[in-house]
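What follows is a single structure, written as structure tokens, with notes after it.
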Amino acid sequence: MEIRGTLQERVNYVLGMTKQPEGYEARPELYAKSNLMGAAKPEETAFMFDHDPEGAPPEYRRRFLDPAPAPRGIVEVASEAGFPAEVLNVLPNLSRPVPERILEWGRGFHGEGTPWLWLTGGTGAGKTCAAAVAAYEAARHAGEGEALKPGDIVFVSARELTEIVDCCGKYRDQTGRPTKYEARQKWERAGLLVLDDLGLERHAATSWDTLSQVYRARAEAMLPTITTCPYSGGRWFAMYRGIADAHEAKSLAGRIAYALRGWDASADITRNVIDLTGENMRPGM
């Protein structure tokens, strides 16, 4: 059995345990001997856990004793998130690299409070592929406490999101169907949301209501979000002029801008608003 982490890291975990960590009931004699009950030193407790894994708390085993999971590749991460097949097929052989700033965003991912990312560009500019790369880098570099597990990254197009929620709203009175509020929760609460092709949804009051509610909920919870859009944010808001309440639209624009700054009013918003230009990133297209 391979023991991962330094002795100091394992001791620090022991020191941070509560008096009755998960698994306490199963092996109380171990904890009765530990420093948590005023007896052995934390080094001795860690030593006991290392050499008697069955008596260690499950979280201790996961962090330090269980075999490390095999690293996931970019196609696997993107597939788990729900990226479309045409993107999965070209990710291993992109015709050109994504901008360094997108890689930096992924390397700096730290869970809640990570600045949002807004990718613009014309058809074939590589917005969705770049979003997949950013999500993969985030999954690779997220720290222990902010690790993105399978299922935490969720991809959805703006058209699909609005149509699903709209459908749930129309048939909300049928037994077994989720309400539109329940349907939105998957995207409102995702650890990392990739919202693709914003602006290509049907421009209607129901679409505005759904998208604004998702953005608002994620901004309030400071949940990281990647948006791809053929247009600037200002042009997208202009599409809903006459549909959305002007005051609400202005409020939402402020929230999105604040999130793109990483909730720091003095930060440069242009670092996280990236216009992709150049040749088509999809080989042969």
| message | Looking at (1) of a type outside the set (A, V, I, L, M, F, W, C); (2) more than 29 Å from residue 206 (Cβ to Cβ); (3) modelled with pLDDT of 95 or more, which one does residue 150 not meet, given that it meets all the others? | response | (3)
| task | Starting from segment 246-270, keep only residues that are in contact (Cβ under 8 Å) with a residue 40 or more places away in the chain, then list their pairs with residues that are of a type in the set (Asp, Glu) whose Cβ atoms are within a distance under 9 Å, requiring at least 6 positions of separation or different chains. | result | 255/220; 261/268
| Hey, among the residues in segment 73-84 that are closer than 14 Å to residue 134 by Cα and assigned to a loop (DSSP other than H, G, I, E, B), which one's modelled with the lowest pLDDT? | 73
| Could we say that residue 265 is within 23 Å of the chain's Cα centre (by Cα) and farther than 22 Å from residue 155 by Cβ here? | yes
| field | Residues that are under 16 Å from residue 231 (Cβ atoms), surrounded by fewer than 18 Cβ atoms within 10 Å (Cβ to Cβ) and touching a Pro at 6+ places or on another chain (Cβ under 9 Å), drawn from segment 113-168 | value | 122, 123
| message | Could you go through segment 116-127 and let me know if any residue there is modelled with pLDDT of 95 or more, assigned by TED's automatic domain parsing to the domain that holds residue 262, of a type in the set (A, V, I, L, M, F, W, C) and out of contact with any Ser or Thr (no Cβ under 6 Å at 6 or more places or on another chain). | response | yes
| remark: Residues in segment 85-127 that are part of a loop (DSSP other than H, G, I, E, B) and either under 15 Å from the mean Cα position of the chain (by Cα) or touching a residue at least 12 places away in the same chain (Cβ under 8 Å) (or both) total 20
| Does residue 140 satisfy being among the charged types (D, E, K, R) and over 13 Å from the mean Cα position of the chain (by Cα)? | no
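The values are calculated or read from the model by the stated rules, or taken from the named source; none is laboratory data. Computed from a predicted model, the values in this text were never measured in an experiment. Every residue, glycine as well, gets a Cβ built from its backbone with ideal geometry; the counts of neighbours run over all protein chains shown.
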